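Asks: Quick one: this structure, given as structure tokens, is what I'll be asking you about.
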Amino acid sequence: MKISNIEFPDKPLFLAPMEDVTDPAFRLLCKRFGADMVYTEFISADALIRSVKRTEQKLTIYDEERPVAIQLYGREADAMAEAARIAAEAKPEFIDLNFGCPVKKVAGKGAGAGLLHDIPKMLEITSAVVNAVKLPVTVKTRLGWDEDSKVIMELAEQLQDCGIAALAIHGRTRSQMYRGDADWSLIGEVKNNSRMIIPIIGNGDVTTPERAAECFERYGVDAVMVGRASIGRPWIFAEMKQYFETGISASFFTFEEQKGIIKEHILASIDWLDERRGIIHSRRHLALTPVFKGIPNFKETRIAMLRADNLIDLFQLIDSVNEPEVRI
Ligand SMILES: Cc1cc2nc3c(=O)[nH]c(=O)nc-3n(C[C@H](O)[C@H](O)[C@H](O)COP(=O)(O)O)c2cc1C
């Protein structure tokens, strides 16, 4: 499978863009464990144009994580085109446009999934960005605004006509936010539309190797994008790839190795930010990792881990946890 001139292996797995999660430290880890493409978190076009320092930092890319897409959001074509030109200077493989973010501060202002309410504007932005940069432009969006306006079939063709190189579809509407199950049948219909030529990337609720394999087989997508299931578990890509090759769905790393990866990620986050912010940033991963799920009498350690504010204490706590004989 190819997106523009970038070649991907069979059954490619993409790390979904996630705000405050997919920073370089996490992207590099996911890449190491087999993610075939990574995305930055979404980046505000307006903030980029205003040269907000923290926003500019989000453009940092390392060669080891390539191919990488820089994702932008905004609600005006001129601003998005200008931001894309700025982002292109960071030399990503792709510029990705976010037309899927459902949160109020974004969609409520007419950006992200808010553009599912104004398709002409979405198409205007897409064309403007495609014309503004030499890089291939991709789009990530949802099925539609709500249950009564699942426009993705027609929208996919319209976006393709604007010249995008690939389309990622999260199988929910904006109204659903993250509720309910992702509906992959419509993603499959878009993929099977004979007028669609560009690669279709399916996204939503892929949490196991079996489900990832099913998404390829049943819906025929060109790539599967994994989001939340990778938080605190960047090795999920390796587990999925192992399953594709061998049909074996065993855990890829031992308990101790998994703890080691968690610690490595904390160190990388500290390196990227600083000790205090790196530890705070790691808490989401610590809270969600399956490594510490279901360990009997773990509550106190868990609370202490999520409160630890220095590296020595945090590592001591992690080191003190032994593999449970049973999980509850
Ligand atoms: C914490 C978090 C942050 C997210 N930030 C973004 C983002 O910046 N850009 C985007 O396109 N989607 C974002 N998403 C949506 C994910 O990319 C993905 O579409 C969604 O989580 C569904 O996939 P999943 O079921 O594999 O998690 C975010 C999701 C989460 C949970």
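Asks: Helix 275-288 versus the longest principal axis of the chain: what is the Cα-based angle in degrees, 0 to 90, to the nearest 10?
Replies: So the helix axis and the longest Cα principal axis differ by about 90 degrees.
Asks: Given the C-alpha atoms of the stretch 255-320, compute the convex hull and give its volume per residue in Å³.
Replies: So the per-residue Cα hull volume is 72 Å³.
Asks: Just to confirm the number: angle between the C-alpha axis of helix 209-219 and the first principal axis of the chain, 0 to 90 degrees, nearest 10?
Replies: It works out to around 20 degrees.
Asks: What is the order of 145, 272, fewest Cβ neighbours within 10 Å to most?
Replies: 272, 145
Asks: To continue, here is another question. What would the Debye equation give as log₁₀ I(q)/I(0) for the stretch 56-118 at q = 0.14, 0.23 Å⁻¹, counting only Cα atoms as equal point scatterers?
Replies: With one equal scatterer per Cα and no solvent, log10 I(q)/I(0) is -0.43, -0.93.
Asks: With Cβ to Cβ distances under 12 Å as the rule, what net charge do the other residues near residue 77 carry (K, R +1; D, E -1)?
Replies: Once positives and negatives cancel, what remains is -3.
Asks: Counting only helical runs of four or more DSSP H residues, what would the 222 nm mean residue ellipticity of the chain come to if each run contributes -39,500 (n - 2.57) and the total is spread over all its residues?
Replies: One gets -12500 deg cm²/dmol as the mean residue ellipticity at 222 nm.
Asks: Something else about it: At q = 0.09, 0.10, 0.13 Å⁻¹, what log₁₀ I(q)/I(0) does a Debye calculation on the Cα points of the chain give, no solvent, two decimals?
Replies: With one equal scatterer per Cα and no solvent, log10 I(q)/I(0) is -0.47, -0.58, -0.97.
Asks: Rg to Rh for the stretch 1-87: what is it, with Cα atoms only and Rh by Kirkwood?
Replies: When Rh is taken as the Kirkwood radius, the ratio is 1.00.
Asks: Then there is this: How do the peptides 188-194, 320-326 rank, highest first, by the average count of neighbouring beta carbon atoms within 10 Å per residue?
Replies: Averaged packing, sorted descending, gives the order 188-194, 320-326.
Asks: Under Stokes-Einstein, with the Kirkwood radius over Cα pairs standing in for Rh, what whole-number D in µm²/s applies to the stretch 186-268 at 4 °C and 1.567 mPa s?
Replies: 92
Asks: Ranking request for peptides 57-70, 232-245, 214-227: highest mean number of other beta-carbon atoms within 10 Å first, then the rest in descending order.
Replies: 232-245, 214-227, 57-70
Asks: Of the trypsin sites (Lys or Arg not before Pro) in the stretch 288-322, which ones lie in a loop per DSSP and count no more than 13 other C-beta atoms within 10 Å?
Replies: Those that pass, being in a loop and sparsely packed, are 293.
Computed from the coordinates by the stated procedures, all read-outs in this text should not be read as laboratory data. Everything numeric in this text was worked out from a predicted model, so none of it was measured. Counting neighbours? That spans all protein chains shown, and the Cβs are built from the backbone with ideal geometry, glycine included.
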